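**Student:** Structure in structure tokens, see below.
The values are calculated or read from the model by the stated rules, or taken from the named source; none is laboratory data. This structure is a prediction, so every number in the text was calculated from the model and none was measured. Quick reminder, even Gly has a Cβ in these numbers, built from the backbone with ideal geometry, and neighbours come from all protein chains shown. Please note that ligands, DNA and RNA were not included when accessible areas were found on the heavy atoms of the full protein model with its side chains. Shrake-Rupley method; radii C 1.70, N 1.55, O 1.52, S 1.80 Å.
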Amino acid sequence: EAAVTQSPRNKVAVTGGKVTLSCNQTNNHNNMYWYRQDTGHGLRLIHYSYGAGSTEKGDIPDGYKASRPSQENFSLILELATPSQTSVYFCASGDAGQSSYEQYFGPGTRLTVL
Amino acid sequence: GDQVEQSPSALSLHEGTGSALRCNFTTTMRAVQWFRKNSRGSLINLFYLASGTKENGRLKSAFDSKERYSTLHIRDAQLEDSGTYFCAADRAGGYKVVFGSGTRLLVSP
């Protein structure tokens, strides 16, 4: 069964601090994604990746960096965390097949920036 | 850009009743996915449809690419169905999906 895991599950950070959110998938999917979800909004895409070594900007990339060192791992990096980045972050993986584009989500990471 | 209009934004149901959620798309989408975000904050994958309908227990979803909409029907609602439901759709040839803003469902006794 598809498996996407995230760590940490909960994180409290201080303004100006560096935060790294990690995601691991065992689906052997090429594509991975980072979203944030805030009340009243759907999931919004921050960064995504087509495969190891690639990162692409999503719809709201400002204030975030991403790293895809391997097929399995995709990290989201907040170099200088701000309170506006308090949110729930979801990682997902998926394949860019022509006939199917289902995404599999991790359990989410709740980040609070004080 | 591509948009997904999800309605209603909030819904209250009594146990045992049912209703439908709807997502309208501003452009032709290849497929739609429905999720529930539960009280623990996890996203539960409910359905993925490229066409037609799918049913799973008390949930049924339909997707009409030509008419640009998808629905999620809930029947015999239970307390554990409470949560926020999202639809997400992807456009042929694209690598990204677009999410609706969610429907907050509260099922009460």
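**Student:** Per residue, what volume in Å³ does the Cα convex hull of the protein assembly as shown take up?
**Tutor:** About 116 Å³ per residue, rounded to a whole number.
**Student:** Right, here's the next one. Compute from the Cα atoms of segment B:4-108 the Rg and the Dmax, the latter being the longest Cα-Cα distance, and quote both in angstrom.
**Tutor:** Using the Cα atoms of segment B:4-108, the pair Rg, Dmax is 13.1, 42 Å.
**Student:** Whole number in Å², please: accessible area per residue of the protein assembly as shown, 1.4 Å probe, ligands, DNA and RNA not counted.
**Tutor:** Accessible area per residue: 47 Å².
**Student:** Give a residue-ordered list of calculated ³J(HN,Hα) values for segment B:11-22 (Karplus: 6.51 cos²θ - 1.76 cosθ + 1.60, θ = phi - 60°; whole Hz; x for Gly, Pro).
**Tutor:** Whole-Hz 3J(HN,Hα) from phi for segment B:11-22: 8, 10, 10, 8, 3, x, 9, x, 6, 9, 9, 9.
**Student:** Order the following by accessible area, largest value first: A:Lys11, A:Lys18. Probe radius 1.4 Å; ligands, DNA and RNA are ignored.
**Tutor:** A:Lys18, A:Lys11
**Student:** What's the local net charge at A:Gln85, with K and R +1, D and E -1, over the other residues with C-beta under 13 Å away?
**Tutor:** Overall, the nearby charge balance is +3.
**Student:** Over the heavy atoms of B:Asp81, what accessible area does a 1.4 Å probe trace out, to the nearest 10 Å²?
**Tutor:** Around 10 Å² of this residue is reachable by solvent.
**Student:** Moving on. Please express the shape of chain A as an equivalent ellipsoid: the semi-axes are the square roots of 5 times the eigenvalues of the C-alpha gyration tensor, given largest first in whole angstrom.
**Tutor:** 23, 14, 13
**Student:** Here's another thing I want to ask about it. Provide the per-residue ³J(HN,Hα) series for segment A:45-51, in order, calculated from phi with Karplus coefficients 6.51, -1.76, 1.60 and θ = phi - 60°, each as a whole number of Hz, with x at glycine and proline positions.
**Tutor:** Karplus-based 3J(HN,Hα) across segment A:45-51 equals 7, 9, 9, 8, 8, 8, x Hz.
**Student:** Could you work out the local net charge near B:Ala62, counting Lys and Arg as +1, Asp and Glu as -1, over the other residues with Cβ closer than 13 Å to its Cβ?
**Tutor:** +2
**Student:** Can you tell me the dipole magnitude for segment B:4-108 around its Cα centre, using point charges on the Cβ only (Lys, Arg +1; Asp, Glu -1), in Debye to the nearest 20?
**Tutor:** 280
**Student:** Counting protein heavy atoms only and a 1.4 angstrom probe, how many square angstrom of accessible surface do chains A and B bury in total, to the nearest 100?
**Tutor:** 1800
**Student:** Here's a follow-up. Taking the DSSP beta bridges in the protein assembly as shown as the whole, what percent of them are antiparallel, to the nearest 5?
**Tutor:** In the protein assembly as shown, DSSP labels about 90 percent of beta bridges as antiparallel.
**Student:** Farthest toward the dipole's positive end in chain A, which of A:Leu114, A:Gln6, A:Gln25, given Cβ charges of +1 (Lys, Arg) and -1 (Asp, Glu) about the Cα centre?
**Tutor:** So the residue we want is A:Leu114.
**Student:** Do the alpha carbons of any pairs in B:Lys60/B:Lys96; B:Lys37/B:Lys66; A:Lys18/A:Lys65; A:Lys65/B:Lys37 sit beyond 20 Å of each other, and which pairs?
**Tutor:** Checking Cα-Cα distances, B:Lys60/B:Lys96; B:Lys37/B:Lys66; A:Lys65/B:Lys37 exceed 20 Å.
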